[in-house]
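Below: the structure, in structure tokens.
Any read-out appearing in this document is the output of simple, stated calculations on the displayed coordinates, not a laboratory observation. Because the structure is predicted, anything quoted here is derived from the model rather than measured. So basically every Cβ, Gly included, is an ideal-geometry build from the backbone, and we count neighbours across all protein chains shown.
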Amino acid sequence: MNIEARFRIDKGDFALDVDLGIPGQGVTALLGPSGCGKTTLLRAIAGLESCRDGFLQVGDMIWQDARRFVPPHQRPLGYVFQEASLFAHLTVRGNLEYGVKRVPKTERKVSVNKAIELLGVGLLLERRTSQLSGGERQRVAIARALAVSPEILLMDEPLAGLDLARKQEIIPYLESLHNELDIPVIYVSHSPDEVARLADHLVLLEAGRIKAAGALGDMLTRLDLPLAHGDDAEALIDAVVAGHDDKYDLTHLDFPGGRFTVTRKALPVGHSARLRVAARDVSLTLEHQSGTSILNIFPATIDEIMPEGIAQVTVRLLAGDVPLLSRVTRKSATLLELEHGKSVYAQAKSVALLS
Amino acid sequence: MMPSDADLTALAITLKLAGITTLILLLLGTPLAWWMARTRWRFKFLLEAVVALPLVLPPTVLGFYLLVALGSQGPIGGLMEALGGRPLAFTFTGLVIGSVFYSMPFVVQPLQGAFAAIGRRPLEVAATLRASPLDRFFTVAVPLARSGFVTAAVLGFAHTLGEFGVVLMIGGNIPGETQVVSIAIYDHVEGLEYAHAHWLSGGLLLLSFLMLITVYALNRRFRLVQP
């Protein structure tokens, strides 16, 4: 199942012109500055934004073409708005059941109870919506969208209105959706940090147009895109827990380019985990260093080098096809004679485990 | 002394007139207010001005035009006669028609305000939760606009109770058919029957006051409940 979307929307001072293919699985993030058209694109997919010139196919369902426009209430989707937008005249339970009642029994794949359990809202059911905290409201809104058994879940910056503590409260629930349900998600965000934690694919929007789209790991390390530059440039690596070192309390995680060793995490063997390696934490050597405290050293090939300011360069490396970034000085790059195709060793001084 | 039978009849006619008028206005005014709250039609202001006209127009002016239209020489009254009926002037039906125009802004404006205050978002949410447009209207818009409905019903009812000029112009003063309380009071004062006038005036004052208390108390509660 794939999603094909072509829209041309002209709102006078703003125009959206996109032609986009989105994978029908995992989380696709639409990332861009505010006003770039992310929300308009998401609303057009939901049918909330009318647009005469458009085409939209989700799997084998055509939701819009030159002759047809399926109205939003006939599209099997779930939508989470930026503000929770709960119905003030209904209790939490009434909100959760509103959509389910309107879905034919044969199409109900996610039960209300499953949605309640996934978002941890079981204790809130009899409350009025005005008695909920911001984080609780947004969890109820997500559960409400899931309970209609959507073929696709659209989320418009569901964390934008929340403070850091509330975000930390909700992100684990979003991650668990990803693992427990096989529903493709399109997630609008302007926060690279949220995207790093939640997304598999990334679409970069700028001024109503698509700047680039692709797998998240590739997009973050593409030197022709802004994400690979700046102080917090980073690579994401999907790895699998290979085992634990009981003697030193460490956890080993394997990825196609080698093995990471990090301080022990309470994760079962076989569990998939996402690692974050910042470009500034990766140094390069020509020979495999011994006598170093650094545990995470991988053989890699230099793919591309680009200047970063006047004194530094950003290097894109491939460690067993997995891209990594390294930020080194221009002087080091010259002394080591770094160039495309050269074999080096990448040393990661610090690694963060995201999930 | 107690109010006379004639006074009680006038009161019954008044309540019946106000009740029927309010019902008709809620039925006609709800779709009109819904449309006016959501349309982006550029000439909407014209319709809004027409709805608001009875607020500023002397009731005698409104009554005069209705009398002309509903009388046997007028377009509507003439049509009724041609169809074998009788002209609507000086009938209870004529009073209802006059009251519907007269009290229209008191029903349409609170409804329009309440619908506009809901905004588009709750209806969009309902659409993404599989609710059809009609379903959204009854399960989201109407419940969220309930304070607007209470306000509209009470103001429409109370305002019709106090009608005088329009009734006098098109209903005349036929006891048992078109004589309402406000006109009975006028008659009593003309005839220097102040005791009767007191009964009716006091009753109308109390009734109106109670209804307005209800509206304001409910609106306060609704505001407290809604975030």
Please list, ordered by chain and number, the residues whose modelled amide H lies under 5 Å from the amide H of A:Asp303; skip anything fewer than 5 residues away on the same chain. A:Arg316, A:Leu317, A:Leu318, A:Gly341
Which aspartates and glutamates does A:Lys342 reach when only Cα atoms under 15 Å apart count, and residues fewer than 8 places away in its own chain are ignored? A:Glu287, A:Asp303, A:Glu304, A:Asp321
Taking every DSSP beta bridge with both residues inside the protein assembly as shown, roughly what % is antiparallel (nearest 5)? 80
List the DSSP H helices in chain A whose Cα atoms stretch 15 Å or more along the helix axis and whose mean Kyte-Doolittle hydropathy is at least 1.6. none
How shielded is B:117-127 by partner chains, expressed as the average number of their Cβ atoms within 10 Å of its Cβ atoms? 5
With equal scatterers on the alpha carbons only and no solvent term, can you work out the Debye log10 of I(q)/I(0) for the protein assembly as shown at 0.07, 0.08 1/Å? -0.62, -0.72
Pairs of alpha-carbon atoms within less than 8 angstrom and 6+ residues apart define the contacts here; what relative contact order does chain B have, in percent? 30
Segment A:46-93 versus segment B:13-86: alpha-carbon centroid distance in Å: 39
Using Cα positions and a limit of under 17 Å, work out the aspartates and glutamates in reach of B:Lys16, with same-chain residues fewer than 8 apart set aside. B:Asp5, B:Asp7, B:Glu163, B:Glu177
Please average, across the residues of B:136-144, the number of beta carbons from any other chain that are within 10 Å of each residue's own beta carbon, and give a whole number. 2
Just tell me which aspartates and glutamates come within less than 14 Å, Cα to Cα, of A:Lys109; anything on the same chain fewer than 8 places away is out. A:Glu151, A:Glu180, A:Asp182
Going through A:Lys265/A:Lys349; A:Lys114/A:Lys265; A:Lys38/A:Lys105; A:Lys247/A:Lys349; A:Lys38/A:Lys211; A:Lys38/A:Lys101 one by one, the pairs whose alpha carbons sit over 23 Å apart turn out to be A:Lys114/A:Lys265; A:Lys38/A:Lys105; A:Lys38/A:Lys101
